[in-house]
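Visitor: This structure is in structure tokens; I'll ask about it shortly.
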Ligand SMILES: *Cc1c(COP(=O)(O)O)cnc(C)c1O
């Protein structure tokens, strides 16, 4: 079928929840994608920070194929090998001692919210249920996670929201201190805000926040759905700040595109989850966990973090060079390969112009171009992006 026909069918049969670009993709390899007409694209979106190892990485493809031929699903009435092995690897490579598996970022955050509330009620005091989250945050699209999300546009039309959430400005320790009451049980936040415009907090803030949680007996929940699994140049973003959260959630990059979510925590907090307290039919299924195992092994074996850090430095430098030439570029910021370029105007048009040239980028918070390529991206691919951006910017500056 031709693109036009496919897109007609797409709008006929799919809920109109996305303003999709008029491209139908059919193939991917590394940082490249091809549409049904055979047009090639360079991908700086990576399925929204999901395919961290690039499209169809051979190790992940092999793991999925082999596991699919052996066993795909058994339910959580029973154990399965890849699930156990993945939980062990995640714990050995993080602060965590226990893992709960589910299928998405929102679900991982739901698990975190439920665990924090249950632990607090049982151990800190019956009236402790309030969770403080950040303005400009993003935590997902379920009812609890839109409530946790500190942006009104995600709430509109779905009220009444869940009780017991409160928002404070990001990177402002005093505001946080003032917001804490005797009802507060947890602080939930992205260590680096993704959807909110790639906002990187100071180390002092994160360390102060950890101290505050310890002082007041609050749980610290890090939503690393976007920042986790190497995106920031470390396996987890919390490693940058010299502290550990009490709960961490993962999803996007964990299985390089196979749906999976995970909530990680310490034994102490995990003890609030007893049989029957929480569950997920697909959670920890052997296919998804086998894919995630391949991801973690590949990150180590191919030294993916090293490439991420090298190309990160290169991309940030080249974007900063661009900034010198155009006064409508307000800022370039980010960590690893989660990089934002803030403009003085809506960035949607730039994204479209890049797409016309066969380069996929994305924008967030209205005016922030976001670059989240696969972590295997090379410097010559960055050059292609920079050349295109420069031409587009010159066209605008005229
Ligand atoms: C994408 C994202 C989510 C939601 O993940 P889904 O898999 O879409 O539910 C939650 N938190 C953060 C920080 C995200 O970037």
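Taken together, the values in this text are just the output of simple stated rules run on the coordinates, not laboratory data. For clarity, every value in this text was computed on a predicted model and none was experimentally measured. Glycine gets a Cβ as well: all are built from the backbone with ideal geometry, and neighbour counts include every protein chain shown.
Visitor: Sketch the reach of a paramagnetic label on residue 153 as a point 7 Å from Cα along Cα-to-Cβ, and name the residues of segment 330-363 whose backbone nitrogen lies under 17 Å away.
Guide: The answer is 341-352, 362-363.
Visitor: Given the C-alpha centroids of segment 41-109 and segment 329-353, what is the distance between them in whole angstrom?
Guide: A separation of 30 Å, based on Cα centres.
Visitor: Between rounded, prolate and oblate, where does segment 337-398 land on the alpha carbon gyration tensor, with a ≥ b ≥ c its root eigenvalues, rounded for a/c under 1.5, else prolate if a/b exceeds b/c?
Guide: oblate
Visitor: Roughly what would the spin-label model give for residue 314 and residue 71, points 7 Å off Cα along C-beta, in nm?
Guide: 4.3 nm
Visitor: Now a separate question. Quick check: the angle from helix 203-216's long axis to the longest principal axis of the chain, C-alpha only, nearest 10 degrees?
Guide: With rounding to tens, the tilt is 20 degrees.
Visitor: Give me Rg/Rg_expected for the chain, where Rg uses Cα atoms only and Rg_expected = 2.2 N^0.38 Å with N residues.
Guide: This ratio for the chain stands at 0.99.
Visitor: Using Cα springs under 10 Å in a Gaussian network model of the chain, which residue among 366, 194, 253 shows the largest mean-square fluctuation?
Guide: Highest fluctuation of the listed residues: 366.
Visitor: Subtracting the Cα-Cα distance from 0.36 nm times the residue separation, let me have the gained length for residue 390 to residue 34 in nm, one decimal.
Guide: 125.8 nm
Visitor: Report the relative contact order of segment 139-195, percent, no decimals, based on alpha-carbon pairs under 8 angstrom and at least 6 residues apart.
Guide: Once divided by the residue count of segment 139-195, the mean separation gives 20 percent.
Visitor: Pairs of alpha-carbon atoms within less than 8 angstrom and 6+ residues apart define the contacts here; what relative contact order does segment 1-110 have, in percent?
Guide: 14 percent
Visitor: I'd like to know how segment 71-163 sits against the 2.2 N^0.38 Å rule of thumb: what's its Cα Rg over that expected value?
Guide: Taking the Cα Rg and dividing by 2.2 N^0.38 Å, one obtains 1.32.
Visitor: Also: For segment 299-370, just the Cα atoms, rotate onto the principal axes and tell me the three extents in Å, largest first.
Guide: For segment 299-370, the Cα spread along each principal axis is 41, 25, 22 Å.
Visitor: Same structure, new question: Take the Cβ-Cβ distance between residue 172 and residue 328 as r, set R0 to 30 Å, and report the resulting FRET efficiency rounded to the nearest 0.05.
Guide: Efficiency, rounded to the nearest 0.05: 0.60.
Visitor: By how many degrees, between 0 and 90 and to the nearest 10, does the Cα long axis of helix 3-13 differ from the longest principal axis of the chain?
Guide: The two axes meet at around 30 degrees.
Visitor: Let me ask something else. Against the 2.2 N^0.38 Å scaling, with N counting residues, where does segment 232-328 land? I'd like the Cα-based Rg ratio to two decimal places.
Guide: 1.46
Visitor: So, R0 is 22 Å and r is the distance between the beta-carbons of residue 203 and residue 303; what FRET efficiency does that work out to, to 0.05?
Guide: 0.30
Visitor: Relative contact order for the chain: what percent, with Cα pairs under 8 Å and sequence separation of 6 or more?
Guide: 22 percent
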